[in-house]
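The values are calculated or read from the model by the stated rules, or taken from the named source; none is laboratory data. Note that the structure is a prediction, hence the values are computed from the model and not measured. Cβ placement follows ideal geometry from the backbone for every residue including glycine, while neighbour counts extend to all protein chains displayed.
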């Protein structure tokens, strides 16, 4: 019986479980980095648009200061998800088991419970990564707070002009306002700031309704996807859905929700009327960074670590998942956010 709770067995199960579908985290934070310290580190190259100076050929060369770089260090918040397995759990009918007399032995039920709880733990961590991705792309920063954890803001230093809110007569849907002109303007801002233009646009469904109603969008949006069965104007599932190309911009819609740990209410991942503009994912250079697991049994770098132990009196087994994640956009100025209504 204890074999299913060994550290090697538990972590093998975690690696084999099917991960929940991610939207923005999967799109822009596909690389992973695992540290053997509490902090994660990376360097940012400072590369302004300098031009060579003119001087007379008869004077000494002008000294040009070499470019520098900024070293960034972040200490990610820690995740500890602890579950309790009592003997009573294995004696009750499992979900899906025949009512009035189960078909499974207590040992089989316990094995099923382990898989179910590990799946739930992993899904919760992955949903937290998706929440981080939405926070980073929305505001260029993420606020980390929790029970017995002081609130901390990790600001990645996105340029102030990369977060805009349209107001009054400038909102999408107002007379004379052209959403495609806004996309072009925001792309130009990104190019000026970091040399990366806007190529992918992800918008909440309410913003998409206004966008697709625009006359220019109707005329120029190419919805061909190479598979006629997939052509759709509707957003029909949670996550990120490709809607078509317009003026070389790839248009996606997005929806997602989570249960807020503080209020207990279901909350949208992105606020209403949000438009996220990004360069190509490879140019955003988003990384899922994981700090060291702070456990005597796991003194090595890894994304997740699961362990289990038994208390004798009363007889209780605990299951603990640990992780120290932080999503980092190495080129944060390749992202842009607009609230359009």
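In the range 182-215, what residues are in a loop (DSSP other than H, G, I, E, B) and more than 25 Å from the chain's Cα centre (by Cα)?
214
Restricting the search to the range 284-322, which residues are part of a loop (DSSP other than H, G, I, E, B) and under 25 Å from residue 28 (Cα atoms)?
If the condition is that a residue be part of a loop (DSSP other than H, G, I, E, B) and under 25 Å from residue 28 (Cα atoms), then 285, 291, 292, 293, 301, 302, 303, 304 are the ones that fit.
Hey, among the residues in the range 136-165 that are at pLDDT 90 or above and surrounded by fewer than 19 Cβ atoms within 10 Å (Cβ to Cβ), which one's nearest to residue 210 (Cα to Cα)?
The selected residue is 165.
Scan the range 298-339 residue by residue and report those that are surrounded by fewer than 21 Cβ atoms within 10 Å (Cβ to Cβ), in contact with a strand residue (DSSP E or B) (Cβ under 7 Å, 6 or more places away or on another chain), over 22 Å from residue 81 (Cα atoms) and at pLDDT 90 or above.
Result: 339, single match.
Pairs needed: first member in the range 233-244, over 16 Å from residue 212 (Cα atoms); second member anywhere, at pLDDT 90 or above and part of a strand (DSSP E or B); C-beta distance under 8 Å; at least 6 residues apart or different chains.
Final answer for the pair search is 238/255; 238/257; 239/254; 239/255; 240/202; 240/252; 240/253; 240/254.
Would you tally the residues in the range 233-257 being assigned to a strand (DSSP E or B), surrounded by fewer than 16 Cβ atoms within 10 Å (Cβ to Cβ) and within 16 Å of the chain's Cα centre (by Cα)?
Qualifying residue count for the region: 1.
Of the residues 118, 122, 113, only one is within 21 Å of residue 289 (Cα to Cα) and at pLDDT 80 or above; which?
It is 122.
Would you check if there is a residue in the range 104-113 being in contact with a helix residue (DSSP H, G or I) (Cβ under 6 Å, 6 or more places away or on another chain), part of a helix (DSSP H, G or I) and within 29 Å of residue 29 (Cα to Cα)?
No, the range 104-113 has no match at all.
Taking the range 122-181, which residues are under 14 Å from residue 340 (Cα atoms) and in a helix (DSSP H, G or I)?
138, 162, 168, 169, 170, 179, 180, 181, listed by residue number.
Restricted to the range 258-283, and to residues that are in a loop (DSSP other than H, G, I, E, B) and out of contact with any helix residue (DSSP H, G or I) (no Cβ under 9 Å at 6 or more places or on another chain), which residue is nearest to residue 185 (Cα to Cα)?
The extreme case among them is 260.
Could you tell me whether residue 260 is loosely packed, with under 15 Cβ neighbours inside 10 Å and in contact (Cβ under 8 Å) with a residue 12 or more places away in the chain?
So residue 260 fails the test.
For the range 1-30, which residues satisfy the criterion of being at pLDDT below 70, touching a helix residue (DSSP H, G or I) at 6+ places or on another chain (Cβ under 8 Å), loosely packed, with under 14 Cβ neighbours inside 10 Å and farther than 11 Å from residue 126 by Cβ?
Result: 1, single match.
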